[in-house]
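The values are calculated or read from the model by the stated rules, or taken from the named source; none is laboratory data. What you are looking at is a predicted structure, and each value in this text was computed from that prediction instead of being measured. We place every Cβ from the backbone using ideal geometry, glycine too, and count neighbours over all the protein chains shown.
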Amino acid sequence: MISKAIRLARVGSRSELAAAALMGLGYPCVMLAALVPSIWLFAIAGAVTYAADWYLHQKGSYLVNRLSKVRVGLPIRFLLRQLLLVLLLAREGLAETPLFYTAIAGFLIFYGLQAPHGALATLIRLRRTMPVVTRNVDLGTVRIPDAPPKALLRRSGEKMLHLDIPAMAGVLIAAVSGKDAIGYAGVAATLLLGVLYTAALAPYLRRHRRVPGAAAVLKAVSAWLLEYRPTVVLYFSGSDESAYQINMWLDTMEQVDGRPLILMRERSLVSKLNVTAVPVICVPGGTHLMNLDLSTVRVALYPANVGKNIHLLRVPTMKHVFIGHGDSDKLASVNPFSKVYDEVWTAGRAGRDRYALADVGVRDEDIVEVGRPQLAPIQSWTGAARNPIPTVLYAPTWEGWDDNPGNTSLLLAGENIVRRLLEAEKPVRVVYKPHPFTGIRNKKARAVHERITAMVRAAAVERATDPRWTAQGAAATSEHAAAQADLTRVAAELNSLAKPGRAGGDESEVSRVSLADPVRLEAIKRLRTEWNDAYWRSFGWWEHRVVTGSEPKLYDCFNEADAMVSDISSVVSDFMASGKPYAVTDSAALGIDEFKRQNTAARAAVILSNSAEELNELLDAVTSPEFDLLAGARQELKEYLLGPDHPTSMQRFNSALRTLQAGAEARNLGVEQRIGGQLLGELDRESDSDSESVDTEASEASVAR
């Protein structure tokens, strides 16, 4: 019931729901207090609305955004409170007093101050917005001043509105006590604070505190590109939730042959980018992107099929390659849009065969098998569980953009899978890691996710009191405490290294200071390894766990798990690199034979129905190697899906890159020669024409003589 109320109210937690309820009840109570009238009820209800509003803004509640859409935005809510205070004064018989007119005049002037304050804040943000956002790019030729203090601009409109509190409080106290001077002082304080806040912003519009114009910044970027001379570009555009699609390629880009560059299109995604040594340029404007000097780039790599790809696909001097963000049997893996690229790189033979079967226009000669370089961190299975009881990872994919029941096991089978794992006769540890997109389109998927999360956490609490595990827990208390201390220490060190420069800098200032620092990057990688190790040591190997967010990463969960349950997605193909047993759910109830025929990655899996009653086959394979009847099939399927182990995937990736770079060079040289030959021919024709003209003139002159 509470979960449903949270969804309906568009809030993210029980505390936000409580704040929304208090705010919803508070305003009618303020109105009632003004009409009755009751100064004390007005003061209490008003304070509740202030506090609830502030809390919802602090949490970034979606409800606040929705209220603005229905014309009950923050300024309206503040103005309503002020008008109701004026009504309260009138109902208290103070309508003809100086206090009444002072309050009205004060609120009108204060409301008038909102315009210059809002205009200044908006102008400062606009004047500090560069046409690009960069990382590891030296724009030293452009003077980028420090950003204004964060306290001045962050949620500035909300802060300005809250300056009415002295006036509201002063007028209420004056109405109760009869001391009008307190009301005058409150109104004066509100106006003075409003003027001071507005005045504090004005200096940041001065020229030496503004970022140079777009032309100067783009000129500096072009100069840097001319000096760096990038040869291969990773191009990405997408929603905030899709950041994982580019993050998975960062380590690979650091190892490619040549001079790599990352081109992005959305500003909001830059802050979600993991730390990398590769130069990053985010260019939101299509015109700006098309005017960048990318003449040295020979290969462009695309992890996603999105509309904005056309802005780079139009460049003929580079070869364009779709590399995707995973390898699976989903329809997205054979998108007909893929035929616009010069080549499509797949992990193994399976990717090539998918395109052949789909017949969407991608030619077989344009497909190159390069493996999956990202899978290098995945550890191979030793044939035995890491701990006294096996760990089973449940990593369902999301619901997808359509309502195909085969997209995810979460809706029809998720709770059955988790329940059977938690209640297994031979105990296992459950690690639940949902897809980052879970619930963004289907509310039912979000609800199931929340129920599964509750199930796993409740089972973890119950296991902590189970006599089978209490002794283990007591013995490991000091070890877990030490690991928690390590987590806290490492997290603090990572936070200090995460963003260069001072705290509170805006994206322009961060672009200035975010230069490649090999020592810092190496320290961050080392600390992340330490963090991951400490995380798994911070709780018992018997304790169930829900893992959300970016850390620990999916591949870290692979290494900790002894088996996995998932759906048809790239997660299954990636897990194949470990060689461990896995199960896949036939959510659409196709039947085992048809399901395996349609989905290559399921051919070496235990196939689950929506009841998940087949899970014992997976658990037997993990606990007793002699029951692992699919071990040989998994090895064969691994090579079919991901390619051979030797040469390594990174070696094959670089080999394909070099080949395509050579092809781009040959193409460009041929075009130059053809254009040169055409121009030479035109010049020859013009020369012949001139000669004929001279001969004709000479002949005519001879006849005349």
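Figure legend. Inter-residue proximity from segment 120-132: first residues under 27 Å from PRO279 (Cα atoms) and in a loop (DSSP other than H, G, I, E, B), second residues β-branched (Val, Ile, Thr) and modelled with pLDDT of 90 or more, beta-carbon distance below 6 Å, spacing 6+ or different chains. Indicated pairs: MET130/VAL217; PRO131/VAL217; VAL132/VAL221; VAL132/ILE281; VAL132/VAL283. Would you confirm, using the coordinates I've provided, whether GLY238 is farther than 25 Å from GLU551 by Cα and not β-branched (Val, Ile, Thr)? When the stated conditions are applied, GLY238 does not pass them.
You will find that of ALA103, ALA151, ALA115, the residue that is over 30 Å from SER514 (Cβ atoms) and surrounded by fewer than 19 Cβ atoms within 10 Å (Cβ to Cβ) is ALA115 and no other.
Within segment 183-223, which residues are of a type in the set (Lys, Arg) and under 34 Å from the mean Cα position of the chain (by Cα)? Before you say what the answer is, go through the steps one by one.
Of all residues in segment 183-223, those of a type in the set (Lys, Arg) come to 206-207, 209-210, 219.
Passing the criteria: ARG209, ARG210, LYS219.
Working carefully through the options LEU196, LEU201, find the one that is outside the structural domain of GLY286 (by TED's automatic domain parsing) and either crowded, with 17+ Cβ neighbours inside 10 Å or in contact with a strand residue (DSSP E or B) (Cβ under 6 Å, 6 or more places away or on another chain) (or both). Working first, answer last.
Details: LEU196 fails: either crowded, with 17+ Cβ neighbours inside 10 Å or in contact with a strand residue (DSSP E or B) (Cβ under 6 Å, 6 or more places away or on another chain) (or both).
LEU201 is the lone residue from the list that is outside the structural domain of GLY286 (by TED's automatic domain parsing) and either crowded, with 17+ Cβ neighbours inside 10 Å or in contact with a strand residue (DSSP E or B) (Cβ under 6 Å, 6 or more places away or on another chain) (or both).
Listed by position, the strands (runs of 3 or more DSSP E) contained in segment 354-472 that have at least 1 residues being closer than 17 Å to SER328 by Cβ are 367-369, 391-395. Just one of the listed residues (LEU497, LEU487) is in a helix (DSSP H, G or I) and closer than 30 Å to VAL133 by Cα, namely LEU497.
Considering (1) more than 30 Å from LEU618 (Cβ to Cβ); (2) modelled with pLDDT under 90; (3) of a type in the set (Phe, Trp, Tyr), the lone condition that TRP381 does not fulfil carries the number (1).
Here is a yes/no grid of residues against (1) aromatic (Phe, Trp, Tyr); (2) in contact with a strand residue (DSSP E or B) (Cβ under 9 Å, 6 or more places away or on another chain); (3) surrounded by fewer than 18 Cβ atoms within 10 Å (Cβ to Cβ):
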{"position": "ASP364", "(1), (2), (3)": "no, no, yes"}
{"position": "TRP401", "(1), (2), (3)": "yes, no, yes"}
{"position": "GLU415", "(1), (2), (3)": "no, no, yes"}
{"position": "LYS426", "(1), (2), (3)": "no, no, yes"}
{"position": "PRO434", "(1), (2), (3)": "no, yes, no"}
{"position": "ALA445", "(1), (2), (3)": "no, no, no"}
{"position": "ARG457", "(1), (2), (3)": "no, yes, yes"}
{"position": "VAL461", "(1), (2), (3)": "no, no, yes"}
{"position": "THR465", "(1), (2), (3)": "no, no, yes"}
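When only residues in segment 522-539 that are polar (S, T, N, Q) and in a helix (DSSP H, G or I) count, which is farthest from ASN559 (Cα to Cα)? Of everything passing the filter in segment 522-539, THR529 is farthest from ASN559 (Cα to Cα).
A Cβ distance below 6 Å, combined with a sequence gap of six or more or placement on separate chains, defines the contacts here; from segment 503-532, residues that are over 14 Å from VAL278 (Cα atoms) reach residues that are surrounded by fewer than 18 Cβ atoms within 10 Å (Cβ to Cβ) and acidic (Asp, Glu) in the pairs GLU509/ASP146; LEU527/GLU493. Would you mind stating whether ALA516 is farther than 24 Å from SER550 by Cβ and not hydroxyl-bearing (Ser, Thr, Tyr)? No: the conditions fail for ALA516.
Output yes when any residue across segment 334-341 is among the β-branched types (Val, Ile, Thr) and modelled with pLDDT under 90, and no when none is.
Taking segment 334-341 first, the residues among the β-branched types (Val, Ile, Thr) are 334, 340.
Add one more test, that the residue is modelled with pLDDT under 90, and what stays is 334.
Looking through segment 334-341, at least one residue is among the β-branched types (Val, Ile, Thr) and modelled with pLDDT under 90.
The criterion of at least 2 residues that are more than 27 Å from ASP506 (Cβ to Cβ) and either of a type in the set (Asp, Glu) or under 20 Å from the mean Cα position of the chain (by Cα) (or both) is met by the following strands (runs of 3 or more DSSP E) wholly inside segment 255-345: 299-302.
Take ALA395 and tell me if it is within 23 Å of GLU617 (Cβ to Cβ), touching a helix residue (DSSP H, G or I) at 6+ places or on another chain (Cβ under 8 Å), buried (at least 17 other Cβ atoms within 10 Å of the Cβ) and outside the structural domain of SER573 (by TED's automatic domain parsing).
Details: within 23 Å of GLU617 (Cβ to Cβ): yes; touching a helix residue (DSSP H, G or I) at 6+ places or on another chain (Cβ under 8 Å): yes; buried (at least 17 other Cβ atoms within 10 Å of the Cβ): yes; outside the structural domain of SER573 (by TED's automatic domain parsing): no.
Answer is no for this residue.
You will find that of VAL48, VAL137, the residue that is surrounded by 16 or more Cβ atoms within 10 Å (Cβ to Cβ), outside the structural domain of LYS159 (by TED's automatic domain parsing) and at pLDDT 90 or above is VAL137 and no other. Can we say ALA516 is hydrophobic (A, V, I, L, M, F, W, C) and either outside the structural domain of PRO552 (by TED's automatic domain parsing) or not in a helix (DSSP H, G or I) (or both)? The answer is yes for ALA516.
If the requirement is being crowded, with 17+ Cβ neighbours inside 10 Å and in the same structural domain as MET168 (by TED's automatic domain parsing), which of these qualifies: LEU22, LEU80, LEU41, LEU35? Can you show your working first?
Working: LEU80 fails: crowded, with 17+ Cβ neighbours inside 10 Å; LEU41 fails: crowded, with 17+ Cβ neighbours inside 10 Å; LEU35 fails: crowded, with 17+ Cβ neighbours inside 10 Å.
Among LEU22, LEU80, LEU41, LEU35, only LEU22 is crowded, with 17+ Cβ neighbours inside 10 Å and in the same structural domain as MET168 (by TED's automatic domain parsing).
Give segment 570-606 a look and list any residue that's farther than 20 Å from GLU639 by Cβ and under 32 Å from the mean Cα position of the chain (by Cα), or say none. Residues satisfying the conditions are ALA583, THR585, ASP586, SER587, ALA588, GLN598.
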